[in-house]
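The values are calculated or read from the model by the stated rules, or taken from the named source; none is laboratory data. None of the values given here were measured: they were computed from a predicted structure. Cβ placement follows ideal geometry from the backbone for every residue including glycine, while neighbour counts extend to all protein chains displayed. Heads up: the accessible areas ignore ligands, DNA and RNA and are worked out on the full protein's heavy atoms, side chains in. Shrake-Rupley method; radii C 1.70, N 1.55, O 1.52, S 1.80 Å.
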Amino acid sequence: MGRFETWLAATDRGIAVKAFPQGTRTAVDAARAVGCDVGQIVKSLVFVAGGEPVVALMSGANRLDERRLAAVAGEPVAKADPEIARLATGYAIGGVPPFGHATDVPVFMDRDLLGYRVVWAAAGRPDSVFEISPERLRELSDATVLDLKLL
Ligand code: 5CA
């Protein structure tokens, strides 16, 4: 059991983590493992905006428009390097969960995720994900929902 699962169990949120030996490191890998639409995979992307780390939850079908993130989170905005991402969230790229982070990182959420009945997000490891309704995801991550995709 990984650290995110231990944290989940301690907080009693009724979320079940599933491990896939074939790996879930990328959105495409995760969609293939789960057998869902790639749009239902939640990418938890760590950016630095105005000097501070932020997390953007993106549908696996979408690319993030950095200008849109900059508009809400502060400029300039850039993808966090792997060490910054790990320090801010407590997890390595490929397994960053959407909430339960090591520091109090602001979370922004791609509105398109709300169009699915359920979505799947990383559970702290590159081989584990969990299913959640997008509304619950928003609540648990305390995310600000907005249009973030690159058109
Ligand atoms: N487990 C999967 C599906 S839930 C996952 O974590 N996907 S992800 O999209 O949230 O994480 C991978 C993302 O990390 C990539 O889309 C990419 O944006 C980012 N990434 C990959 N390599 C690097 C790197 N060297 N530096 C910064 N970001 C990176």
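Scanning the stretch 12-68 for residues being within 10 Å of the ligand (Cβ to nearest atom), in contact with a Leu (Cβ under 8 Å, 6 or more places away or on another chain) and not small (Gly, Ala, Ser) gives a total of 9. For LEU114, the test of being within 9 Å of the ligand (Cβ to nearest atom) and within 19 Å of VAL145 (Cβ to Cβ) is failed.
For every residue, the table says whether it meets (1) open to solvent by less than 70 Å² (accessible area, probe 1.4 Å); (2) hydrophobic (A, V, I, L, M, F, W, C); (3) over 14 Å from the mean Cα position of the chain (by Cα); (4) on the phi < 0 side of the Ramachandran plot.
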site	(1), (2), (3), (4)
PHE20	yes, yes, yes, yes
ALA30	yes, yes, no, yes
ASP37	no, no, yes, yes
ALA49	yes, yes, yes, yes
LEU57	yes, yes, no, yes
ALA71	no, yes, yes, yes
GLY74	yes, no, yes, no
ALA78	yes, yes, yes, yes
LEU87	no, yes, yes, yes
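Identify the residue in the stretch 1-15 that is in contact with a helix residue (DSSP H, G or I) (Cβ under 9 Å, 6 or more places away or on another chain) and either aliphatic (A, V, I, L, M) or surrounded by 16 or more Cβ atoms within 10 Å (Cβ to Cβ) (or both) and, among all such residues, is nearest to VAL119 (Cα to Cα). So, considering only residues that are in contact with a helix residue (DSSP H, G or I) (Cβ under 9 Å, 6 or more places away or on another chain) and either aliphatic (A, V, I, L, M) or surrounded by 16 or more Cβ atoms within 10 Å (Cβ to Cβ) (or both), the one nearest to VAL119 (Cα to Cα) is ILE15.
Among the criteria (1) open to solvent by less than 70 Å² (accessible area, probe 1.4 Å); (2) near the ligand (Cβ under 8 Å from one of its atoms), the one ALA123 does not fulfil is (2). Residue count for the stretch 89-111, restricted to those that are at positive phi and near the ligand (Cβ under 9 Å from one of its atoms): 1.
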